[in-house]
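Participant: Supplied in structure tokens, the structure appears directly below.
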């Protein structure tokens, strides 16, 4: 049947090529609709409890998306007339940033002070240029003693200052909105650095983070995709030594990528850094099928077969394995749909589209174009004789190999426990990304990007100024301020205390909470009435005046440290203010949970993939026994790779929760090839188990190491990504595939030989039983 | 001859139209504002009850009840006194404002719990009025000098024939670059105002409704709805119990009057 299909295909080769091109063009047109997401929230599913808690908080209070300018004067002193004037100027200009609703800095801080019975409310700095030494000292004193400013908009050593721009995106088209904000802020930064040459300016904040996601995706697309194509072309040419067949293989891969990305575009999916790595993954995975088909064509032609016959023979031998390999790979990718993080579901689906497309093009376009193009097969495929030697070696050393691998595997699997979960979203970007460098700088010198927010509930509407409640909030804030991880705590109690002092003639002794609810409520009203444009109480107090937000800025710490800190805070609340007990929430908290959530969600997917792929193996090999044997080299690579990772790195995160499922469908390919060749040798060629192993080495060894090398190379390219999730996924996948190759060559044959009886008779008997 | 006469009339009509057109958009805008101001002058004083409903994007609301007294001033912004009735904790808090067109307003606050009057010295006219989506500059009396004007066009909104006038604040610290006001052609009262922020982006829309006429002259809106397009928050002011010519004296709007305001 396959023969007549291929005959038919070759008869209509021009039509097939034309139809392929048309299909690619139609599908590929959808790629023009592709866009990049720029919102860190895409990493969370819609029903993620940490996301819901955070959105709930953001809906209750003013959203805190922002851009922050970090101002660092060369002379290390913010409180000079020149620097303050620059800050005042930038503050003023920042109101022009698109979607900005509020700008806060040390200059426009609403400084309140008492003058008799007058309450003076004014910008802390107005005419900066004309300030004398004494006034500068006074401004410095006020700023450094103001809990709202210190470690937030001014550093303790007064060497760095921040200008915080609160952004409220309409959310109509975030694809456009965030880049608009970032472009304006960057232009302003450049202009201001020219205008004030003695001042260094850096940009941090959530808008910059969001933008970094899309920039990282585009950067990967522009650098890594061409690089991986170059790598594939070189490897294919070295292997095949023929321009036509190399070109044909590259075209199949290109068509697969274009089709997959086109479908993605048609479906309206937005790319994220993980899903933007799909082209590289498709390229890496899809090339395998073409290698198998092309290598057989070349081998047969080298033996003297005509091109036409060689293509038909290659299709006959390879069509089924190619289908099975593609099928298991697709299963592995599709199992990523159980991930809790949507970008990885997208990555799985896009890659699955690509693999399906590559299968279709490999069994239609590739034979057709090979029939059209001139092909010369003048050389033997490299590596065949070393493979034969390796086969002999493995057969003769099988008794030593088996215990060696058993011990190694056990040791490495024990090392898995050394891995600790860690997702630090700032560190998702490597130092080639300005966002990372600037954020690290800001965290070290001024204030953090990491935070934990609380909505503390007073129990009843209009009750937020209740002194009992406020005392507990104050104590909670004080406790937090004593924690070593904490940079800054923003709490309404500081405002109450300042107002109480102001209302009592600035008497420092009156820097205390109001004595009763009514006074507190009246202070709050006074405060509300004195707030400037763009600020309202809603930053810190909900509409019903029932709850208040307490924001804790922390250093960039690991997931486990974030969770531990949050846990300590909960324990404190439980002990000292049980009625206030609540969950802390923030992007940092969300990302701290994401690794564990994904591992749990992926256990289901990985198990499902494992079962389906194992069943496929048993069906493909038509043997339950061989199916079970094949499980060992299929499961061990991921397990031992995590052990090696545990020893070498020790930290796993979001990306690594999906690699097991993702690679499972890929690593089984070599096992299928090896076992099926082994079985063919035993049953068709009637060889004993040792000879069958040697046969398998000779016939499929080269293809195995070539496809594995291509896969390893492709995933290593991915490890160059500036986006850490992609990079660690790339390294881990390379490692898993390398281990899988080693196990398939060294462990699988001894396994087959020890589980399989040696004699031919028994082999025959067994066959009749199955 | 007949032809000549006709020709002359036509010419005259044309010239007069041209003359009318010669009035610049700025002049026409000012003319409309002046007429609106003229019609609203002479009410002397007023009192009313105000319910303020604050609403966030998610629909959570809170209510405030305030009594407001105003005293009309010649050649200056009006004086107004607001006394809080609810929420309970702020009951008796009184707020006195002397509004000015181009200078910062003068403000005093009486906190009953503190039993003291505090003067609030700030130039935060652009800040929110009592935590609402209204800024002080939106709620204070609308003096002619507060803006420069430009007539844009005529337009019918909600079945009302309006002048559409662009107003640019003259106050240095205003939160707006401009406002577009729809002024009822017949009654010279605002029907809608759209506010543009400092970067000239759409910020808020204020809609007036339930107008009632008092003393056969003065139109007061029963409802003023301000929607902030950037934050999704809104404020509804509901006015009732309007009374005019209560015989308030200047001393009823003095600092000392605050403590006894009831």
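Participant: What is the spin-label model distance, in nm, from residue A:624 to residue B:103 if the labels are put 7 Å beyond Cα along the C-beta direction?
Facilitator: 9.9
Participant: Still on this structure, I have one more. Using the Cα atoms of the protein assembly as shown to build a convex hull, what is its mean projected area in square nanometres?
Facilitator: The Cα convex hull of the protein assembly as shown, projected and averaged over all directions, gives 57.2 nm².
Participant: Testing the spin-label approximation: label points 7 Å from Cα along Cα→Cβ at residue A:176 and residue A:55. State their distance in nm.
Facilitator: 2.4
Participant: Taking 8 Å as the Cα distance limit and 6 or more residues as the minimum spacing, I'd like the relative contact order of chain A as a percentage.
Facilitator: 18
Participant: Among A:284, A:126, rank each residue by its count of other Cβ atoms within 10 Å, from fewest to most, as a rough exposure measure.
Facilitator: A:126, A:284
Participant: Please report the antiparallel percentage of DSSP beta bridges with both residues in chain A, rounded to the nearest 5.
Facilitator: 90
Participant: Using a basic spin-label model with each label point 7 Å from the Cα along Cα→Cβ, how many nm lie between residue A:308 and residue B:246?
Facilitator: Result: 10.6 nm between the two label points.
Participant: Would you work out the relative contact order for region B:136-262, in percent, from Cα pairs under 8 angstrom that are 6 or more residues apart?
Facilitator: 12
Participant: Right, next: Averaged across A:571-582, how many Cβ atoms of other chains sit within 10 Å of each residue's Cβ atom?
Facilitator: 0
Participant: Now for a different question. Could you let me know the centre-to-centre spacing of region A:215-246 and region A:395-454, using Cα atoms, in angstrom?
Facilitator: Cα centres, region A:215-246 to region A:395-454: 28 Å.
Participant: Then there is this: Per-residue mean of other chain beta-carbon atoms within 10 angstrom of the beta-carbon, peptide B:48-60?
Facilitator: Mean inter-chain Cβ contacts per residue within 10 Å come to 2.
Participant: Pulled fully out, how much extra length does the chain show between residue A:596 and residue A:516, if you take 0.36 nm times their separation in residues and subtract their Cα-Cα distance?
Facilitator: Contour length minus the Cα-Cα distance gives 24.3 nm.
Participant: Kirkwood hydrodynamic radius (Cα pairs, Å) of region A:305-418?
Facilitator: In region A:305-418 this quantity evaluates to 18.6 Å.
Participant: Now for a different question. Which of the peptides A:583-591, B:48-56 is most tightly packed, and how do the rest follow, judged by the mean count of other Cβ atoms within 10 Å per residue?
Facilitator: Highest to lowest by the protection proxy: A:583-591, B:48-56.
Participant: Per residue of B:87-100, what is the mean number of Cβ atoms on other protein chains within 10 angstrom of that residue's Cβ?
Facilitator: What the average comes to for B:87-100 is 3.
Participant: Moving on. So how far, in whole Å, is the C-alpha centre of region B:161-236 from the one of region A:1-68?
Facilitator: Using only Cα atoms to place each centre, the spacing works out to 46 Å.
Participant: Same structure, new question: For A:134, B:103, what's the fewest-to-most ordering of other Cβ within 10 Å of each Cβ?
Facilitator: A:134, B:103
Participant: What order do you get for A:95, B:182, A:8 when you list them from fewest to most C-beta neighbours inside 10 Å?
Facilitator: A:8, A:95, B:182
Participant: Ok, one more. Taking Cα centroids, how far is region A:324-345 from region A:487-548 in Å?
Facilitator: Rounded to whole Å, the Cα centres lie 53 Å apart.
None of the figures in this text is laboratory data; all of them are computed from the coordinates on show. Quantities reported herein were computed from a predicted structural model and do not represent experimental measurements. Here Cβ is always computed from backbone atoms with ideal geometry, including for glycine, and neighbour counts include all displayed protein chains.
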